[in-house]
Amino acid sequence: MRVALLYRDRLTLRGFDEDLRTRLAAALAQGGIAAKPGQVPTRVEGNAGAWRLTLPSGDTLDVPWLLNATGRRPNTASLALDTVGISTDSKHAVIVDLMCQTALPHAYAIGDVTNRKNLTPVAIAEGRAVADRLFGQPVAQPDLDRVATGVFTLPPIGTIGPSEHELAASGAKLRVYEADFKPMRHAFTGRGERCYMKLLVDDASDRVLAVHMLGADAPEIVQSLAVAMTAGATKAHFDATIAVHPTVAEEFVLMRTLKRRVNWRKRSASVSTRRPAAVQLNSQREHRRAAHRLFS
């Protein structure tokens, strides 16, 4: 079955990390999906048990099935919230503070109606936090900057934290680590499926600010890493973790080579891959001597 994917932007998944978007586009094309960027149908008509789409160019596309992902907006326009002192934005989303409290002190709003992180687990966590704070023990509100997200494409995406572009725009000094490889199991199957991983690290604190992955089981892997991210894991913590071999996930704790720096204006374009405080060994003899000194 042939599949065509029509979307407004030049790439799918607006708002996700650019490296994920570009690699997903390549993976979808390899899977036989015909991408049609910038092609928003101007007209959709039923046609003899099928569908006919009229494209901006005037061309038509006839398909037996049609799935239209229209998105959504908070359905609050008819509630007249402003009459009781609850503020909304231009998209009718209820404006709340970090504690989910509206401009009306005794009114709270959670979930998609606030148009912040429109995910079911987020709404559940926000509702639980509000209930606990009002009727039980005070708890911290969920950190919406570290919400793990899965996109179940083929291959799937797992991500937690801001994109590289967002962090760069904030002025943060970043170290970027990447891995792009063919999983070992496909060395035997002959399939061309690849895996891509990225870590974005704050240089000042060494804290891992974001994890991005495209590849098999990415949502499962990133869900586990979300625990470490919530606990404030640093790149040193990742480096100190022993790998489980052979797995795809082990690459997250084996990425040692710095790919690039972001917002380091005084640095040259070339990046040294030398480990801090490491002795550069220029021969096998020096290597053996250093090992002898270390373990004797």
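What does the net charge come to around Leu61 if you take all other residues with beta carbon closer than 13 Å to its beta carbon, with K and R at +1 and D and E at -1? For residues surrounding Leu61, the net value is +1. From most to least packed by mean Cβ count within 10 Å, the peptides 184-190, 108-114 give 108-114, 184-190.
For the range 130-180, the set of chymotrypsin sites (Phe, Trp or Tyr not before Pro) satisfying both a DSSP loop assignment and a count of at most 16 other C-beta atoms within 10 Å is given as Phe152.
Packing around the peptides 162-169, 253-260, taken as the average count of other Cβ atoms within 10 Å per residue, puts them in this order, highest first: 162-169, 253-260.
Ordering Leu24, Leu98 by the number of other Cβ atoms within 10 Å of each residue's own Cβ, fewest first, gives Leu98, Leu24.
Working note: 222 nm ellipticity from helices only, DSSP H runs with n ≥ 4, each -39,500 (n - 2.57), summed and divided by the residues of the chain, gives -7000 deg cm²/dmol to the nearest 500.
Report the Rg/Rh value for the chain, based on alpha-carbon coordinates and the Kirkwood definition of Rh.
Working: Rg = 24.2 Å, Rh = 23.1 Å.
When Rh is taken as the Kirkwood radius, the ratio is 1.05.
How high is the relative contact order of the chain, in percent, counting Cα pairs under 8 Å that sit 6 or more residues apart? Answer for the chain is 12 percent.
Could you work out the relative contact order of the range 3-63, using alpha carbon pairs under 8 angstrom and six or more residues apart, expressed as a whole percent?
30
Too long at a 21 Å Cα-Cα cut-off: which of Lys117/Lys182; Lys173/Lys235; Lys91/Lys117; Lys36/Lys91? Pairs exceeding 21 Å: Lys117/Lys182; Lys36/Lys91. The order of the peptides 4-14, 198-208 by mean Cβ neighbours within 10 Å, most packed first, is 198-208, 4-14.
Among the trypsin sites (Lys or Arg not before Pro) in the range 57-159, those placed in a DSSP loop whose Cβ has at most 12 other Cβ atoms within 10 Å are Arg72, Lys91.
Within the listed set Gly215, Gly150, Gly31, the Gaussian network model of the chain (springs between alpha-carbon atoms below 10 Å) gives the highest mean-square fluctuation for Gly31.
Taken together, the values in this text are just the output of simple stated rules run on the coordinates, not laboratory data. Values in this document were obtained by computation on a predicted structure and should not be read as measured data. A quick note on method: Cβ atoms are made from the backbone with ideal geometry, for glycine too, and the neighbour counts reach across all protein chains shown.
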